[in-house]
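Colleague: Before I ask anything, here is the structure I am working with.
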Protein chains: 2
Amino acid sequence: MMEQERVVNGVNVTRLFGTIATIKKEPGIGRFQFRATNRWINGTHNEAKVKDFFGAGKEDDSRKEAYVFDEDEPAVLLGEDRGANPVEYVLVALSGCLTTSLIAHAAARGIRLDAVESRLEGDLDVRGFLGMTDEVRRGYENIRVTFRIKSDAPRETLQELVELAQKRSPVFDIVTNPTPVKVTLET
Amino acid sequence: MMEQERVVNGVNVTRLFGTIATIKKEPGIGRFQFRATNRWINGTHNEAKVKDFFGAGKEDDSRKEAYVFDEDEPAVLLGEDRGANPVEYVLVALSGCLTTSLIAHAAARGIRLDAVESRLEGDLDVRGFLGMTDEVRRGYENIRVTFRIKSDAPRETLQELVELAQKRSPVFDIVTNPTPVKVTLET
């Protein structure tokens, strides 16, 4: 007889716990490598692609086509606005990761959510990028994220979920803590 | 008589230097605020939008439509693969920012480039996200970026540009250094 699978917030919790059990037995299964390529087009316009990755012990080729992202700057930053700019993509990444962390950990605890929305703001002084001063940093000085959650769960529970999302989110970790990046020029 | 505008690598260097001169006179012009919103759809699928921002002393409403980004996880990470995942978006952001920094600073120095490509890899152990161990971090343990540049400029010059791109890139700064993020739950 097939066991009934439990789904909360659209997350298959039975499979989630199955994955955890599998990784517990064989920790190497948890190691992933994600990838992107980028091609300069013109001026501040370039194009990034995301397709294959390594995970769960093998090359994953389940994606038939690459996701393609135009990146550019708006006119005021000397671009032609053919896509969001790179620091806006950071907010996209952070918003998605906090949301998924919140949803998945709520599901694991059996907490049902009806709606989750967030808005993000990041303060950036372009004098850092332009090399005009060392008094300001080049990246965001501050990022603010505001969540709005619709659920029957008590407010304290929702507040705990917002804390847990930050504690578990990979992108929150990448942004708030130093991540080593090695850049090389191919010969 | 109109002064001839100088364009290198598709970057209007005359306007770039004009912008720097303007900000030098009035540093507040350099302060930007970028934004994103996110809406959970189902399971690991959510949607981020990027449109307006504040910059150069005013609300910028030059974008008529929002850029919309689907974020999801592939099947092996319990999603339906309706978009790149959040940590892949981090690589998209980093690739675009390093590329634009390289191109713009090359242009400012009058160095012409014919082609710039890069590939990025990030190592991530999902046990951190799953809360299975505190021995691994939740985000990328390492990110590697490899540039391939086509140009008549000497290799030492290209190597300097790769260093300068890292020194000036906002996203490189955000990823390699701690960035404060404040998350709140709206009442």
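The values are calculated or read from the model by the stated rules, or taken from the named source; none is laboratory data. None of the values given here were measured: they were computed from a predicted structure. Glycine also receives a Cβ, built like all others from the backbone with ideal geometry; neighbour counts cover every protein chain displayed. In case anyone asks, the SASA skips ligands and DNA or RNA and just uses the protein heavy atoms, side chains included. Shrake-Rupley method; radii C 1.70, N 1.55, O 1.52, S 1.80 Å.
Colleague: Just one of B:159, B:166 is under 16 Å from the mean Cα position of the chain (by Cα), modelled with pLDDT of 95 or more and in a helix (DSSP H, G or I); which is it?
Modeller: From the options B:159, B:166, the qualifying one is B:166.
Colleague: Right, another one. Exactly one condition in (1) open to solvent by less than 50 Å² (accessible area, probe 1.4 Å); (2) touching an Asp or Glu at 6+ places or on another chain (Cβ under 7 Å) is false for residue B:52; which is it?
Modeller: Against the list (1) open to solvent by less than 50 Å² (accessible area, probe 1.4 Å); (2) touching an Asp or Glu at 6+ places or on another chain (Cβ under 7 Å), residue B:52 comes up short only on (1).
Colleague: Still on this structure: What's the number of the only condition in (1) facing another protein chain (nearest Cβ under 7 Å); (2) farther than 28 Å from residue B:30 by Cβ that residue B:114 fails to meet?
Modeller: Evaluating residue B:114 over (1) facing another protein chain (nearest Cβ under 7 Å); (2) farther than 28 Å from residue B:30 by Cβ leaves (1) as the failure.
Colleague: I'm trying to understand the selection: among the residues of the stretch B:81-111, which are more than 9 Å from every other protein chain (Cβ to nearest Cβ) and closer than 20 Å to residue A:65 by Cα?
Modeller: The one that is more than 9 Å from every other protein chain (Cβ to nearest Cβ) and closer than 20 Å to residue A:65 by Cα: B:82.
Colleague: For the stretch A:8-42, how many residues meet the condition of being over 30 Å from residue B:95 (Cα atoms), assigned to a strand (DSSP E or B) and without any contact (Cβ under 8 Å) to a residue 24 or more places away in the chain?
Modeller: Number of matching residues: 1.
Colleague: Now, a different point. Filter the stretch A:177-187 down to residues that are open to solvent by 30 Å² or more (accessible area, probe 1.4 Å) and either outside any loop (DSSP other than H, G, I, E, B) or at the interface with chain B (Cβ under 7 Å from one of its Cβ atoms) (or both), then give me how many there are.
Modeller: Going through the stretch A:177-187 one residue at a time, the tally reaches 6.
Colleague: Among (1) part of a strand (DSSP E or B); (2) facing another protein chain (nearest Cβ under 7 Å), where does residue B:59 come up short?
Modeller: Of (1) part of a strand (DSSP E or B); (2) facing another protein chain (nearest Cβ under 7 Å), only one is false for residue B:59: (2).
Colleague: Going through the stretch A:62-90 one residue at a time, which ones are out of contact with any helix residue (DSSP H, G or I) (no Cβ under 9 Å at 6 or more places or on another chain) and open to solvent by less than 30 Å² (accessible area, probe 1.4 Å)?
Modeller: A:63, A:74
Colleague: Take residue B:90 and decide whether it is in contact (Cβ under 8 Å) with a residue 60 or more places away in the chain, out of contact with any Leu (no Cβ under 8 Å at 6 or more places or on another chain) and more than 24 Å from residue B:12 (Cβ to Cβ).
Modeller: So residue B:90 fits the description; yes.
Colleague: With the condition kept exactly as written, say whether any residue in the stretch B:111-132 is assigned to a helix (DSSP H, G or I), at pLDDT 95 or above and either open to solvent by 10 Å² or more (accessible area, probe 1.4 Å) or not hydroxyl-bearing (Ser, Thr, Tyr) (or both).
Modeller: Scanning the stretch B:111-132, I find no residue that is assigned to a helix (DSSP H, G or I), at pLDDT 95 or above and either open to solvent by 10 Å² or more (accessible area, probe 1.4 Å) or not hydroxyl-bearing (Ser, Thr, Tyr) (or both), so the answer is no.
Colleague: Which one is farthest from residue B:29 (Cα to Cα) among residues in the stretch A:134-165 that are surrounded by fewer than 22 Cβ atoms within 10 Å (Cβ to Cβ) and in contact with a Gly (Cβ under 9 Å, 6 or more places away or on another chain)?
Modeller: Of everything passing the filter in the stretch A:134-165, A:164 is farthest from residue B:29 (Cα to Cα).
Colleague: Do we find that residue A:24 is facing chain B (nearest Cβ under 9 Å) and more than 23 Å from residue B:86 (Cβ to Cβ) in this structure?
Modeller: yes
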